[in-house]
Structures are given as C-alpha cells and as structure tokens.
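Here it is, the structure in full.
The values are calculated or read from the model by the stated rules, or taken from the named source; none is laboratory data. Computed from a predicted structure; not experimentally measured. No Cβ is skipped: glycine too gets one built from the backbone with ideal geometry, and neighbour counts run over all protein chains shown. Surface areas here come from the heavy atoms of the whole protein model, side chains and all, with no ligands, DNA or RNA. Shrake-Rupley method; radii C 1.70, N 1.55, O 1.52, S 1.80 Å.
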Amino acid sequence: MAITPVHVEGIDKGSIMLYALSTCIHCKQTRKLLDELKVAYDYLYVDQLSRSEMDEVLKEMEKVNPRGSFPTLVINNNKVIVGSRLDEIREALLS
Amino acid sequence: MTPDVSENLLDKRHNELIQEAKKSGYNLNPDTVFTRGLVEGLLINANRYGYESCPCRLSLGDKESDLDIICPCDYRDDDLSEYGACFCGLYVSDTIASENLPAPVVPERRPLASERMKKSSSSVPAGGLPFPVYRCKVCGYLCARNNPPEKCPICKAEKERFEIFLR
C-alpha cells in the first residue's frame with residue numbers, strides 16, 4: 001500500500017491492520033480494545049483520505065471484506081474480523 | 001474525537017433526536033456515551049458534507065450517492081426488525097431500549113456500489129409490488145416495507161395491530 005497507515009507501538013502480535021472511520025463509534029471501540037491489549041497495530045481513517053487515496057485503500061480492503069464496511073481488522077494478512085466483535089478480536093489476539 | 005463539535009451542540013442534537021424518535025415510535029439507544037459518540041459523528045458529517053450521513057459508513061461527499069445512508073438510513077427499519085438495532089446502533093428496538101441491552105453487531109445490508117447503480121429505476125415488477133403494503137388497523141396508516149414498524153408513527157399502535165393490505 002502506498003498510503004502509510006498510522007502505527008501504534010506495543011506488543012508484537014504480528015501484523016494487525018485496522019481500516020476505520022474517524023466518526024465511527026464501533027471503530028473507536030475497536031481501537032480502544034487494541035490499546036487496552038497493548039498490541040502494536042496500524043490503522044487508517046479512510047474518511048480522512050483524499051478521494052484517490054480512498055479508492056486505493058478501498059480496493060485493498062474489499063479484497064478481504066467485499067462489503068467495504070467498517071471497522072475491518074486484518075490479523076497477519078489472513079484472519080479478517082468485520083465489525084466491533086470485541087470478544088472475537090480479544091480471542092484472536094490473546095491465543 | 002474532534003474539537004469542532006461543542007458539548008452544547010451535541011446536547012441539543014441528542015435531545016432533538018430523542019424527542020423525534022419518541023414521537024414517531026422509535027427509540028434512540030439508551031447508552032448515552034455510545035449514542036453521543038454517534039451524534040458527534042453525525043454532526044461532524046453535517047459539517048463536512050452538508051448532510052448527516054451515517055457515521056459508521058464511508059460517505060463519498062456526493063449527496064446523490066449518499067442519499068440512502070443519510071440518517072435515518074434506508075436500512076434502519078429492516079435492521080430494527082431483524083436485529084433489534086440499526087447498523088450503527090443509534091436506533092434500537094423497544095426490548096433493547098427498555099432492558100438497556102448493548103446494541104448487537106449488525107452486518108451491513110447496504111448493497112454494494114455496483115448493485116446500487118442497477119437498482120436506481122424504481123419500476124414495479126410484473127405480477128406484484130416491490131414491497132408489501134401494511135395497514136394500521138387503528139388509524140389506517142399505510143406503509144410499503146418488508147415489515148410493519150415497531151409502533152405506528154401516527155397513532156403509536158403496536159406492530160401487531162398491522163395487517164397486510166396489498167402484496
């Protein structure tokens with residue numbers, strides 16, 4: 001991806017990428033959980049990108065979540081969790 | 001989130017939405033912190049785009065293509081009937097509201113962009129209506145949608161008081 005996501009330092013649990021919206025409460029809850037778990041992760045607020053960057057990121061994101069909905073969390077490029085399914089995220093990151 | 005939404009404005013819009021919902025038989029999510037987060041998102045979107053599009057969906061800033069996600073969105077009532085909450089959780093069913101339950105995770109039902117383009121013509125298919133028409137047996141209010149509303153927006157009768165009027 002040419003667009004650089006924001007990196008949050010923390011415990012290395014592999015690659016954790018969160019596609020989010022700055023206005024979305026579910027995205028906020030997901031970020032809060034990641035912060036609480038103190039894991040290192042990257043996130044992008046897709047609504048704050050320019051239109052061309054947005055299109056590029058959406059294309060990437062739709063490969064793992066065709067509906068293009070938020071939040072979309074991608075763990076180690078294979079596990080995808082759509083929506084603020086906090087228990088599922090916790091389980092995936094603590095196991 | 002951002003400093004451009006004042007507490008006063010947030011209080012005002014939140015109260016307006018609670019009153020409007022009550023009047024028409026809907027419930028706003030009783031979780032105040034959660035709901036204020038959503039109302040803040042609506043106000044940010046109103047500033048950004050000129051309309052209150054869903055804070056949990058990506059707006060393209062083009063009103064015509066965002067019309068279906070301007071709050072209350074086209075998908076609210078189907079989500080309320082099926083899951084007890086709308087996609088973002090701003091509106092909830094009577095049960096969730098009265099028992100103060102957390103809003104469930106609601107999957108996105110908005111069609112993909114490619115499908116939305118195709119659906120733009122609202123022609124009636126041969127042999128039937130695109131939606132059944134429900135009739136409130138109390139006041140005669142008619143609505144064409146997949147399920148009757150939780151409460152009649154006119155006379156506040158419960159959804160059990162609705163009958164199928166046209167199919």
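Determine the shielding of peptide B:31-43 by partner chains: average, over its residues, the number of Cβ atoms on other chains within 10 angstrom of each Cβ.
What the average comes to for B:31-43 is 2.
Can you tally the net charge around residue B:98? Count Lys and Arg as +1, Asp and Glu as -1, for every other residue whose Cβ sits under 14 Å from the Cβ of residue B:98.
With Lys, Arg at +1 and Asp, Glu at -1, the net is -3.
Residues of A:23-35, mean number of Cβ from any other protein chain within 10 Å of their own Cβ, rounded to a whole number?
Mean partner shielding for this stretch: 5.
What does the average come to when, for each residue of peptide A:65-71, you count the partner chain Cβ atoms lying within 10 Å of its Cβ?
4
Follow-up question, since we're still on this one. May I ask you to give the percent of accessible area on chain B that is carbon plus sulfur, with a probe radius of 1.4 Å?
53 percent
From zero outward in steps of 5 Å, how is the percent of C-alpha pairs of chain B spread across the bins?
With a bin width of 5 Å, the distribution comes to 1, 8, 15, 18, 19, 17, 12, 6, 2, 1, 0.
Going by average Cβ density within 10 Å per residue, which order do the peptides B:52-62, B:96-106 take, highest to lowest?
Going by the mean number of other Cβ atoms within 10 Å, highest first, we get B:52-62, B:96-106.
Now, a different point. In segment B:1-64, what chymotrypsin sites (Phe, Trp or Tyr not before Pro) fall in a loop by DSSP, with at most 16 other Cβ atoms inside 10 Å?
B:51
What's the ranking of A:21-29, A:79-87, B:40-48 by average number of surrounding C-beta atoms within 10 Å, highest first?
Most protected by this proxy first, the peptides run A:21-29, B:40-48, A:79-87.
Any idea of the total accessible area buried by the A-B contact, 1.4 Å probe, rounded to 100 Å²?
For chain A against chain B, roughly 1700 Å² becomes buried.
Counting only protein heavy atoms, probe 1.4 Å: which residues of segment B:50-78 lose 50 Å² or more of accessible surface in the full assembly compared with their chain by itself?
Residues of segment B:50-78 that lose at least 50 Å² of accessible area once the other chains are added: B:56, B:58, B:60.
Quick one: how many lysine pairs does chain B have with C-alpha atoms less than 13 Å apart and a gap of 8 or more or different chains? Give me the count, please.
Step by step, the pairs that qualify in chain B add up to 8.
Normalising by the residue count of chain B, find the relative contact order in percent from Cα pairs under 8 Å and 6+ residues apart.
19 percent
Please compute P(r) over all alpha-carbon pairs of chain A, binned at 5 Å starting from zero, and give each bin as a whole-number percent.
That works out to 3, 14, 28, 28, 18, 8, 2, 0, in percent per bin.
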